[in-house]
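The next block holds one structure in the form of structure tokens; read it before the comments.
The values are calculated or read from the model by the stated rules, or taken from the named source; none is laboratory data. None of these values were measured; they are calculated from a predicted model. When we count neighbours, we look across all protein chains shown, and the Cβ atoms used for this are built from the backbone with ideal geometry, even at glycine. Note: areas computed on protein heavy atoms with side chains; ligands, DNA, RNA excluded. Shrake-Rupley method; radii C 1.70, N 1.55, O 1.52, S 1.80 Å.
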Amino acid sequence: MNISNSGRPKRLRRGPCRLLALGVVVALSAAACSADASGPPRAVNASGAGGKALDEVRLDGRTYRVPQPLPAAPPGTLIAATDHGPDARIGGAGRWTVLHHSADAHGKDIAVSATVLVPRGAAPPGGRPVIAWAHGTTGVADGCAPSQAANLGYNVYAQEAGAFLRAGYAVVATDYPGLGTPGMHTYLVGPDEGNAVVDSVTAARGLLPDLAPTWFAVGHSQGGQAALFAARAAGRSSGTRFGGAVAVAPASHLDVMLPGVIAAHQPGSLAFALYSLAGLGATDPSVDLPRLLGPTAHRTAQQVFQECLTVRHPSLSGITTEQALPLTRAQLASVGGKMAAYGNPDRAAVTAPVLIVQGGADQDVPATWTAQVARNLRALGSPAVTERTYPGSGHDDVLGQSVCDVLAFLGSHNGLSPGGCSPFRARSG
């Protein structure tokens, strides 16, 4: 998100919750490297629906190839997998790209892509617990899928995953529905995101059956919202134990996003608003984007949807917020209500332990909003909501500042006992 305490968006900056310049996607080698006894584990008897041997993951342009029609299978069932071998860029961890079954907010069987990372070396007795990582906003075009980037979408995300791997966890990082796979990304549609997070854990365990049954959901910005929805949907992954959720600067207050963007008169923040309209239109057929926006604004939106988040969005140059979002007050209220119904993360209790992390100087997701999310969750009956605020930390650098506290939280809820840990400074780029 990119909205200040007063509801007025700040200028778009380069960062992981923002449309990153993924126009040049780093290709990952599909060749599996040989592993010695200290190397990463290999997939054992991984198969798809009906025990069928898995195909390699393939791209058509920037879109992962999905069987059409998609044969029905339970959520988390693997469709395809590619073993990239040890990845020197993330501590030599074993890296896989997978496609698996999931379900959208309406129960439709869909395909979702994800990255699986497992550290080198022998696993502890009982296997490695799993962290399901949920990323922040990267865009809605398929080429913006974090699985297609060497750094999971942004350097700070690779750093965060590296800290989890060094602590001994396996990491599975979903792309979310429609991001890398056919169809529009249902941006900020909470049930879609939450289901994908949970089902990615089932898929990882299908790929590597010796993973421990214990898992956690950890996410940032859009992913913080997704982690809270995943906590409510954790029962989808049978045979596992959900330890809790960590929501870092979770997206919230979606009902006031569009009016805030318009009132701020900062075109750099329009991408978030247009993405949210695209996501809502993809899940709610009553939201007709061409009719809602009109011909000119709709053409602009279609250009924006093809571009990943950049410092200065080229398609929005010279356009006012009113021109890009020509909605009446009644339309804003109606659309905002629907966005909130699908995406506000504090409309139902979370029964598992929750840690909410927030930077005190966050100019993208206001600290006051996140504090309200925590209050609402408690008022709804959530039994174990813990808050940690880091004064002076912004939206992105709070990840590095909080990582040791996050690991301590996981360790106190049936995760691994935290060893030596140091906060990190986010690398640029």
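The figures follow:
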item: Cα-centred dipole magnitude for region 66-136, charges only on beta-carbon of K, R (+1) and D, E (-1), debye, nearest 20; result: 220
item: Local electrostatic count at Trp369 - Lys and Arg +1, Asp and Glu -1, tallied over other residues with Cβ under 10 Å; result: -2
item: Rounded to 5, the percent of DSSP beta bridges in the chain classed as antiparallel; result: 50
item: Positive-end residue, the chain charge dipole about Cα centroid, Cβ charges, pick of Ala105, Pro71, Ser315; result: Ser315
item: Under 5 Å, built H, 5+ apart or other chain: amide partners of Tyr187; result: Gly279
item: Cα lying deepest toward the dipole's positive end in the chain, options Gln358, Leu280, His84, charges on Cβ; result: Gln358
item: Dipole of the chain [Lys/Arg +1, Asp/Glu -1 at C-beta], most positive-end residue of Thr202, Thr174, Ala333; result: Ala333
item: Sulfur and carbon atoms: percent of accessible area, the chain [1.4 Å]; result: 53
item: Alpha-carbon Rg with Dmax, taken over region 324-416, Å; result: 16.2, 52
item: Mean accessible surface per residue for the chain, computed with a 1.4 Å probe while every protein chain stays in place, in Å²; result: 37
item: Taking the convex hull of Cα positions in the chain, its mean projected area over all directions (nm²); result: 18.6
item: Distance in nm between pseudo-label sites at His298 and Ala384 (7 Å out along the Cβ direction from Cα); result: 5.0
item: Within region 165-301: Cβ-based charge dipole about Cα centre, in debye rounded to nearest 20 (Lys, Arg +1; Asp, Glu -1); result: 200
item: For the chain, size of Cβ-based charge dipole, Lys and Arg +1, Asp and Glu -1, in debye; result: 440
item: Within the chain, helix-based [θ] at 222 nm, where runs of 4 or more DSSP H residues each add -39,500 (n - 2.57), nearest 500; result: -9000 deg cm²/dmol
